[in-house]
Every structure is written in C-alpha cells, then in structure tokens.
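A short write-up of the structure that comes next.
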Amino acid sequence: MLSKDLIMRLLVQVGVALAALAVGALLLVAIGVAPPDALHAFWSGTFGTPTNAGTTLTQAVPLLLVALGWILTTRAGRLHVGFPGQILAGGSLATAVGLQCGSLPGPVAVMLTAIAGIVGGALWAGLTAWLWASRGVLEIVSSLLLNLVAIQVADWLVRGPLQGSLDGQPQSANFPAAALWPSVESIPGRTLSYDVVLLPVCAIAVVLLLSRTAFGFRLRVAGGNQEAARWSGIDPVREGVAAIVISGGFGGLAGAALLFAGSAPWMSDGFEAGVGFNGIAVALLARNSPVGAVATAVVFSALNVGGTAMQAQLDVPSSLASVLQGAVIVLVLVAAVVLRGRTRASSAAKPAPARRRSGVVAHSGARTEEA
C-alpha cells in the first residue's frame, strides 16, 4: 500500500507537469498559436518519427553525463559549475586525437576519441581541484572563471591549430569516418548513435559506485560530515579532489559525444551550446538521483528538439523552449519547498518518542516509575 508521503510526491509531480503544460499553453495563445497545433508539432518533432526520436535520445546523452558529474561532486560535498569548460576541453582534445585516427580501425578510433574526451575534461577539472585543495580557492568561483578561459582556448583552436575549413570558417576539418561514433543504420541521417547505451549504463554505474563501493562510501561520508570523516580516517580533501576530477571526466566525455555522435562531423567554436549548465539543471530537477536524471535528461532534450520543430513548422520563437525549461525549474523548486514544508509539519506533529533512563520512563514531559 502506498504511503501518504509517496502519494503526496506523486501528486506534486503530476501537478508540476500540468502547471508546466498550462504555462506553455498560455504562452502559445499569447503569440497566436493554437495549443493543439503546437502539441502536434512538438510530438512529431521529438518522437513522431524514428529519426526525430533518435535525435532526442542522442541529445539527452551529454545532458545525462553532466548531470552524473554534478551528482558525484555534490555527494562529496563539493560544488562546481565548470562543466561548460570541461566539455570544451574534452571535445578539443578528442578532436585533436580524432583527426589523426583516419587510418585506424573504427573501434580503436572511437575508443581513443572517448578516452581523449575523458582525459581532457578530467585535466581541466583538475585545475579547479588543485586550486581548491592547495590554494583554498572556492571551486565554484575557479570553475566559473575557467569556463571563460576554456571558451577563449576553444575559439583559438578552431581559428588556429585545429582550423581546417576550406573557406576559413572557425571550425576544424571533417572528422575521418573511422572516428565517428557508430549510429543505428536503420534510422536515416545518423540521428541515433549507439552512445545512447550510456544513458542506462552510466546511471547504473554511478548508482553502484556510490552505494556498493568503498570509494562511494568515502565520498558520502566526506560529503555528509567532514569532521566525522576525519575521525574515521577519511580525508575529505582527497575525496573532494577525486570527485571533481571524475566529474570532469564525465564532462569531457559529454564533449566527445556532442562532436563524434552529432550530426555535424567537425568541431566549431560554439559546439557546447549550453549543455554544461542544462546538465546541472537536469541533476537538480532529478533531485540528484542518477536514475531520475535519465528521464529528466530526455525531457530536457525533448524540449530543445521540440522547440526547434515548432519554430520550423509554426514559426514559434526558438526561445519558447528555454522559457518552458525555466518554468519547469521554477515549478519544481516550488514543489520541493512545499514537500519540505509538509515534511517538517508532519515531523513536528508527531509525539516525542518515549525515552528510558535508569528505570524511569519519560514521555512528553511526564515521568512515571516503572512497575
């Protein structure tokens, strides 16, 4: 039988979904678009055809990878927002490696680009970890500033060492076919890459890492109470550094996925496209649940893809998808506040438990001798 708390959570989630739909409908009416027409365009553009469904699922992969990186760092008690820079660093190194893999077998080239992405993101995150661990610089500040550095470095690379466009555009040369991540051949247009297996695999891996390994236990202890962790022989700084670096690896892998599983077989200066911060929003909306982040990543990806479809079919402003994402975030935060308030109210309403001390029973302030 469902508990009252679970029923309340389900009702709140349904309410958030209905409220988001209502906000979207009001916005559509305000710009002169019939909601049924917009809904049809949204569905057909996201899951209406195998090609569009493949695009939606493929774009959800980097969002989930960033979300998992955020979840790991928060479990260790650290907060950083350096995922955009880590995506750019991982994608840049993956591009530099991938461009040299034309003569290698496909599986080897794909593996090398993925590893390069992980290494690039981890190294960039390592700068944040080093500044925090050795110099005491708050990771949220250093990671934010390093994002700006990564943007400039990526711009320089596609205009300098990695520039390969024949007409001088800020982009690299086309990736060799061997380096492109394989896609499902039955779906045209390379819209569904086999990297979608990362959605369940990575989520389950993070769950097992946090709940079934000594490393995950140390992360959770360090993030829960640093003083208790030190008394237990766990170094919170070491665990925090490890979490930040690993999260950077997830961000770098997201960068490689954006490039080598995407529709454009080259690196341009704006390939990150807001995935870093959107991935953080995915983790927050999933309440830092790795499994919940899978569904949330698909929803965010659908909003992006569906917004583009509505723009193409109904001339709806492209910013509508961003507005809806913001509305969903606000509604989820409101729902979290409501649930937290009800939890506190129910806890306060419960009677104090009986306490036994030296043969005396104390309950609600009254003391009676035991028989």
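The values are calculated or read from the model by the stated rules, or taken from the named source; none is laboratory data. Quick caveat, the model's predicted, so the values are computed rather than measured. As a convention, Cβ positions derive from the backbone with ideal geometry for all residues, glycine included, and neighbour counts pool all protein chains shown. With ligands, DNA and RNA removed, areas are computed over all heavy atoms of the protein, side chains included. Shrake-Rupley method; radii C 1.70, N 1.55, O 1.52, S 1.80 Å.
Key figures for this structure:
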| item | result |
| --- | --- |
| Region 144-283 shape via C-alpha gyration tensor axes, a/c threshold 1.5 | oblate |
| Inter-part distance where region 262-287 and region 174-198 are each reduced to a Cα centre, Å | 18 Å |
| Rounded tilt (10° steps) of 139-159 against the dominant C-alpha axis of the chain | 10 degrees |
| Label-to-label distance, nm, for residues given as Val330 and Val14 (7 Å Cα→Cβ offset) | 2.5 nm |
| Trp130 accessible area, 1.4 Å probe, all protein chains in place, Å² to nearest 10 | 130 Å² |
| Percent of C-alpha pairs per 10 Å bin, the chain, short to long | 5, 20, 27, 24, 13, 5, 3, 2, 0, 0 |
| For region 130-181: rounded, prolate or oblate by the Cα gyration tensor [a/c cutoff 1.5] | prolate |
| Computed lengthening from Trp156 to Val207, 0.36 nm per intervening residue step minus Cα-Cα distance | 14.5 nm |
| Simple spin-label estimate for Val291 and Arg135 in nanometres, 7 Å along Cα-Cβ | 4.2 nm |
| Separation between Cα centres of region 84-110 and region 239-254, rounded to whole Å | 18 Å |
| Three principal axis lengths of region 170-253 [C-alpha, angstrom, descending] | 57, 31, 16 |
| Region 113-128-region 211-236 distance, computed between alpha-carbon centres (Å) | 25 Å |
| Rounded, prolate or oblate (a/c below 1.5 giving rounded, otherwise prolate when a/b exceeds b/c) for region 1-110 by Cα gyration tensor | oblate |
| Cα-based helix-to-principal-axis angle, 106-135 vs the chain, degrees rounded to 10 | 50 degrees |
| Computed E for Phe277/Ser232 - FRET, C-beta separation, R0 56 angstrom, nearest 0.05 | 0.95 |
| Helix 290-314 axis, angle to the chain major axis (alpha carbon atoms, nearest 10°) | 50 degrees |
| Solvent-accessible area per residue, Å², over region 124-185 with all protein chains present [probe radius 1.4 Å] | 55 Å² |
| Cα-projected label distance for Leu104 with Ala30, points at 7 Å along beta-carbon direction, nm | 5.1 nm |
| Per residue, in Å², the accessible surface of region 1-116 once ligands and nucleic acids are set aside, probe 1.4 Å | 46 Å² |
| Mean Cβ neighbour count within 10 Å, used as a protection proxy, ranking 30-39, 301-310 highest first | 301-310, 30-39 |
| Accessible area of region 267-325 belonging to carbon and sulfur atoms, whole % at 1.4 Å probe | 59 percent |
